[in-house]
Amino acid sequence: MSNRVYEISAPTEEKISTKVFYVTEAKYEHDWHSTFHSHFFTELIYVTKGKGYFMVPNKKFPIQEKSLIIVNENVDHTEMSDLDGKLEYIAIGIQDILFSSKHSDQFESFFIYNITKDLKIINELFNIILLEAKRNLDSNADITKNLLEVLLVYLNRNNSIEFNKTDQSVVNKNISLIKHHIDNNFQDSLTLDDLAAIGHMNKYYLAHTFKSTLGMSPIEYLNEVRINRSRYLLGSTDHPISMIAGFAGFSSPSYFSQSFKRKTGYTPIQYRTLQKKGHQSKKE
């Protein structure tokens, strides 16, 4: 019989506590729509399959399976799949943490790593956190929080990054939660009362705080997300206008046309025609 004992040294000073804000599983499909956005929290994006690009305004960076992208709060960014690569990734939003480089005094808005060390463990941690989020069972908030802290230790140990606590207000967290809900549920019928309930806020206070933070009311932001979605569909598909209105979350084609023209100066048909002419000119 062989028996080996491995002693564990005394723990270092307590690590920064954080928690999982949300978990997203993204897979390339033909309706993939990339628009620039930002969060009031930090985001970890781990590519599980395929290839594509991580994009910030005026720049794009190739990413592929095993890539890890760390995006600090309030950084405009988006992800785009390679048409042949069919990008898939797990994204985790985390609260109260900012990442920085161990070897630089300058703030970096994002980091891109190709995971090589402890790849199997890091891959499993991302997938278990995703599984816990999907199951939504008792104590899953505690489990995901503990798993996240283990994940952060591995990232800190094997990469030239460190993390620091941020002093983010409860109000900003609630606004971020509402913004994230709109971004992912704009097709639903959302009212100010619905959004206030999600953020546990008085609806009048929500309207005032959201506008002072983002420069527009929650409903104006919802309408902008829907218009941006419809722009993409008008330019990239041949779907009927009535179908696009539904896909973008508008209650009727007529309301969609009114809202679209008010925002862009064009009717949906005029906008589609201009987009097709632009594509044709590029080909020529």
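The values are calculated or read from the model by the stated rules, or taken from the named source; none is laboratory data. If you're wondering where the values come from, they're calculated on a predicted model, not measured in any experiment. Don't worry about glycine lacking a Cβ; one is built from the backbone with ideal geometry, like all the others, and counts go over all protein chains shown. Protein only, heavy atoms only, side chains kept; ligands, DNA and RNA dropped before computing areas. Shrake-Rupley method; radii C 1.70, N 1.55, O 1.52, S 1.80 Å.
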Matching entry among T237, T191, T267 (being in contact with a Ser or Thr (Cβ under 7 Å, 6 or more places away or on another chain), among the hydroxyl-bearing types (S, T, Y) and surrounded by fewer than 16 Cβ atoms within 10 Å (Cβ to Cβ)): T267
Residue among S212, S281 that alone is modelled with pLDDT under 90, closer than 27 Å to N74 by Cβ, among the small types (G, A, S) and part of a helix (DSSP H, G or I): S212
Given the criteria out of contact with any strand residue (DSSP E or B) (no Cβ under 8 Å at 6 or more places or on another chain), of a type outside the set (S, T, Y), surrounded by fewer than 14 Cβ atoms within 10 Å (Cβ to Cβ) and under 25 Å from R231 (Cα atoms), does K59 qualify? yes
Single condition L137 does not satisfy, out of (1) part of a helix (DSSP H, G or I); (2) over 19 Å from K49 (Cβ atoms); (3) not charged (D, E, K, R): (1)
Please enumerate the residues belonging to segment 1-37 that are surrounded by 14 or more Cβ atoms within 10 Å (Cβ to Cβ), at pLDDT 75 or above and assigned to a loop (DSSP other than H, G, I, E, B). T18, K19, Y28
So which residues in segment 82-96 are more than 17 Å from I122 (Cβ to Cβ) and either open to solvent by 10 Å² or more (accessible area, probe 1.4 Å) or among the aliphatic types (A, V, I, L, M) (or both)? D82, L83, D84, G85, K86, L87, Q95, D96
R272 vs. criteria under 25 Å from K173 (Cα atoms), touching a residue at least 12 places away in the same chain (Cβ under 8 Å), buried (at least 17 other Cβ atoms within 10 Å of the Cβ) and not hydroxyl-bearing (S, T, Y): no
Given the criteria within 17 Å of the chain's Cα centre (by Cα), open to solvent by less than 70 Å² (accessible area, probe 1.4 Å), modelled with pLDDT under 80 and among the aromatic types (F, W, Y), does F40 qualify? yes
In segment 119-131, is there at least one residue being farther than 17 Å from H39 by Cβ, without any contact (Cβ under 8 Å) to a residue 24 or more places away in the chain and hydrophobic (A, V, I, L, M, F, W, C)? yes
Condition broken by G85, with the remaining ones in (1) of a type in the set (G, A, S); (2) in contact with a Lys or Arg (Cβ under 7 Å, 6 or more places away or on another chain); (3) under 18 Å from H180 (Cα atoms) satisfied: (3)
